[in-house]
Structures are given as structure tokens and as C-alpha cells.
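To start, the structure under review is shown below, and the notes come after it.
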Amino acid sequence: MTSYDVIVIGAGPAGSTVATLVADAGRRVLVVERAKFPRFHIGESLMPDTYWPFKRLGLLDKLKEGRFVKKYSVQFVTPTGKESQPFFFDEMNPHESAQTWQVVRSEFDQMMLDNARAHGAEVWEETGVTDVVLEPAGGGDTLPRATGVVVQRAGEAPRTLSAKVVVDATGTNAMLSRKLGIRRGDPKLRKASYFAHYKGGRRDPGKSEGATLVLSTAGQDGWFWYIPLPDDVVSVGVVGDIDRLVTANKGKSPEQILEEEIKNCRGLDDRMTSAVRVSPVHVLSDFSYRATRCAGEGWVLVGDAFGFLDPMYSSGVFLALKSGEMAADAIVEALANDDVSGARLGRWGDELAGGMQSIRKLVYAFYTKDFSFGKFIRENPDMKKNLVDLLVGNVFYDGVDEIFRTMAQTIPLPDAIPLEKPAQPPVIA
């Protein structure tokens, strides 16, 4: 049987990050990806604090020299079409990390996967993982141990590959957390989204040309993202409650629903006048969830396979990179100590879950009817840096949640989702 130190299922940003860093440590790594890259994926807007994982991965120069649109700010637009002052990230941080990018995900993900290859990871594209091989765990853990995967390559019979660690980076498919029954939805964030690419949408001049716009619908019952991409293309998508966007529109086509929603957004009136749709309309629904564990014996969950919050604030790629980085460090340490217990592999879980919870609170605040970030900052100007920290992804420091002490006095905020602890392996005297 063919054996690897680590098998990564999925070649998106989280999987490619793990593969790159573990291969850098001299370990034998295989990435198994069902698609052929490049392939379409949503999630084009990056948070500025992706800078630091990119620096570690050796990708900053490629991003700086590439064709992706530079992003300096985010701006909010009210239901009446009134635009807030832009939140320029460099106002609070003059470092070059305050500028990030709006990326074409097919090109961006290809760049990251090529980087994993260049660092020594083996990659099998167009290969399906039909199962993760599990057996009872030792040390009293209630969840099983992973020992490998069953793969299916085109024209070949299924075969089993063994691994000391299996990394689930399957994105929203969340292969392993579904199989283990540890995936939990967020009942107050049951949203749906319709989105597409358009050519010819109006952009703001100068430094704001690459800004992410967050625009409320006329009835404040949904919101749009408006993300400038290369080649005069913008990514435009609406997010709203499933009952309103999906159930109430039964019988309508996705194209019709998205066009009606665009007309229902005052802030898009003059931006979309000359825009022409150049992609299919894509649909996602009920996409907010999180696993109750990030690791078990011989397995780890990263990126969207661990959890996804919401399209608001564009945190998906950032959390994929950070979880991939944290997981890679834990895996390298675990392999060096010949200890792939869930406790050792998942030692980073509390830190990641804490950062995700901070962003989740910000998502809940945004969805609170009649709450305005502009008004909140006008009334609490000392909180502006704290808010910008959250918007850029600077969520892993003591005190990042100070803003929510004040916010919670006027709006409801969610309790943290508990992260279950794997059993500690027995101590051998």
C-alpha cells in the first residue's frame, strides 16, 4: 500500500497552505483534488491580514506583480443609496499589509496549488476521494482514528492510500465533519445567495477603484457585495434569508431573481446601468456552519471544512489560510513527536474558533435591523481602530472583543459555539 505522511483532500487555499508548509518541513505530502484546475470558485475579496500567510508561503511578490485589483478599503451603502465614508485600512496601519487584493479565484487558487507543487507536495487532480479510512481511536477518544483514504482516478480501479494524518480541506462539502456527524448549522444565519459576474459596472475613481462595496437592499432585508475584478468585471451577489430569497421566489429562475434583486438595491442604480452579465448565475444556500471539533486522531479539518461564517466581510479565504497555517504547524510538531492524537493535532482550535467568533459577532451586528456601523462609530469614535482591526482580519489578539462590550449594550450578540476537546492520550510511565 502506498503511504504518505499527510494526505490533503482538496486543493483550495486551505489545502494548498497545509501542503506547502508541511512539505517545507520535509514530509511526504499528497494533495488529492477532484477537479481540474483552474476552476471557478466564489470568494474573490481578500482581507488585508492575508498578507502574513502570503509572506510565509512566499507568494507576496507574485501577488504584487500580478494583475489582481488592489483593495484599500470597504464601504457601506444604506437602503436609500447613501454611501458611508470608506474605511481605508491604512488609516490605522501605514504598513503595506493594509493593502490587499480582489482576486479571480480560478487564477488565485491555481497560483496557490502551483506553489504547493513547487515546495514539494505531490498533486493528483481529477481524483475523487470516495472515503476516509477510519478505525477505533486509542486513548478513549469518542471519534475514530483516520488511517488513509480511498481514491478513484479516471480509468483506474479504486485504491487505498495510507497516511499518518488526513487533512479534510474539501470546503463546504465538509466531507469528514458530515461523515462524523460533527457539523452544526447556525440557525440565525440561514441565508441564501445569488451571484454572477458582470462587465461594465461603474467603479469609483482613484484609491477607491478596488473597494469592496456592501450595499443594503431597499427594504433592508438583504445586502449585495460589489467587488471589482480585472478586465472591467465586477462580482455582484445578493445575500438574504432563505425564506425570502428562495422560498418566496419558487418558480422563478436564478437569473430572474438576481435581476429583480439588483433593481431592489438603490445603491446599484447608477453602477449597473451599462453592466452586462458575463457568467451564469450561481446559487448557494444555508452556508453558515461549524464543526464541533477541528481534529481527532490522525485527522484535521481546515478552512470551510471546519466552518464557514457568511460572505459578509470576506473572511473565507483569510480563515482558510490561517487555519491551514495553524494546522500545518501542529501536524509538523505531531509527526516529529510521533503523536498524532487529536489533542496534539487540534491544539490550535481554540485560537481559530475565538477569531471566528469575533467575526461572527460582527456578522450578527450587521444583520441586526436598524443597526448602523457609521452611527456606532460616530457615537463611539474610540472604537474605530477596533472595528478596522476586525474588518482587516486582525482578530487574534487579547482585547479584540472590547468593541462588543459596548455593542452588546444595544444589540443582541451570539454566544460562542463550544469546541469539544479530544481525549488526551494516556501518559506512559
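Odds and ends about this structure:
- Those trypsin sites (Lys or Arg not before Pro) in the stretch 1-85 that DSSP places in a loop and that have at most 13 other beta carbons within 10 Å: LYS36, ARG67, LYS82
- Centre-to-centre, using Cα atoms only, the stretch 364-429 and the stretch 241-301 are separated by 25 Å.
- Kirkwood estimate for the chain, i.e. one over the average of 1/r between Cα atoms, Å: 22.3 Å
- Under the span-like rule (Cα at least 27 Å along the axis, Kyte-Doolittle mean at least -1.0), DSSP H helices of the chain: 316-336
- On the beta carbon distance between SER3 and GLU125, with R0 = 25 Å, the FRET formula returns roughly 0.75.
- Among beta bridges from DSSP that stay inside the chain, the antiparallel ones total about 75%.
- Kirkwood hydrodynamic radius (C-alpha pairs) into Stokes-Einstein, the stretch 191-285, 4 °C and 1.567 mPa s, D in µm²/s: 97 µm²/s
- Taking a ≥ b ≥ c as the square roots of the eigenvalues of the Cα gyration tensor, the stretch 304-429 is classed as prolate, since a/c reaches at least 1.5 and a/b is larger than b/c.
- Size of charge dipole - the stretch 191-285 - debye, nearest 20, with Cβ of Lys, Arg +1 and Asp, Glu -1, no other charges: 20 debye
- In range of the label at SER285: residues from the stretch 240-272 whose backbone nitrogen is under 20 Å from the point 7 Å along Cα→Cβ: 240-262
- ³J(HN,Hα) computed for each position of the stretch 230-243 - Karplus, 6.51 cos²θ - 1.76 cosθ + 1.60, integer Hz, glycine/proline x: x, 6, 6, 9, 10, 8, 10, x, 10, 10, x, 4, 4, 4
- Estimated distance in nm for a label pair at VAL278 and ASP415, the labels positioned 7 Å out from Cα along Cα-to-Cβ: 4.9 nm
- Paramagnetic label reach from GLU333 (point 7 Å along Cα→Cβ; backbone nitrogen cut-off under 19 Å): within the stretch 19-53, residues 19-27, 53.
- Extension gain, ARG190 back to LYS207 (0.36 nm per residue minus Cα-Cα distance, nm): 2.6 nm
- Distances between placed amide hydrogens fall under 5 Å for LEU229 paired with VAL234, SER235, all partners being 5 or more residues away or on another chain.
- Estimated inter-spin distance, LEU60 and ARG117, nm [label 7 Å along Cα→Cβ]: 2.6 nm
- Annotation: amide H of ARG28 within the under-5 Å range of ASP5, VAL6, sequence separation 5 or more or interchain, hydrogens built in the peptide plane.
- With Rh defined as the Kirkwood radius, the inverse of the mean 1/r over Cα pairs, the Rg/Rh of the stretch 84-238 is 1.07.
- Total lysine pairs under 27 Å (Cα atoms) in the stretch 1-159, excluding pairs fewer than 8 apart on one chain: 10
- Between the stretch 16-39 and the stretch 95-133, the Cα center-to-center distance that results, in Å: 8 Å
- If the chain linking HIS95 and ASP370 were pulled fully straight, counting 0.36 nm for each residue of separation and taking away their Cα-Cα distance, it would gain 95.6 nm.
- Per-peptide average of other Cβ atoms within 10 Å, ordering 396-407, 241-252 highest first: 396-407, 241-252
Values in this text are rule-based calculations from the coordinates and carry no lab data. Every value quoted in this text rests on a predicted model; they were computed, and no experiment measured them. As a convention, Cβ positions derive from the backbone with ideal geometry for all residues, glycine included, and neighbour counts pool all protein chains shown.
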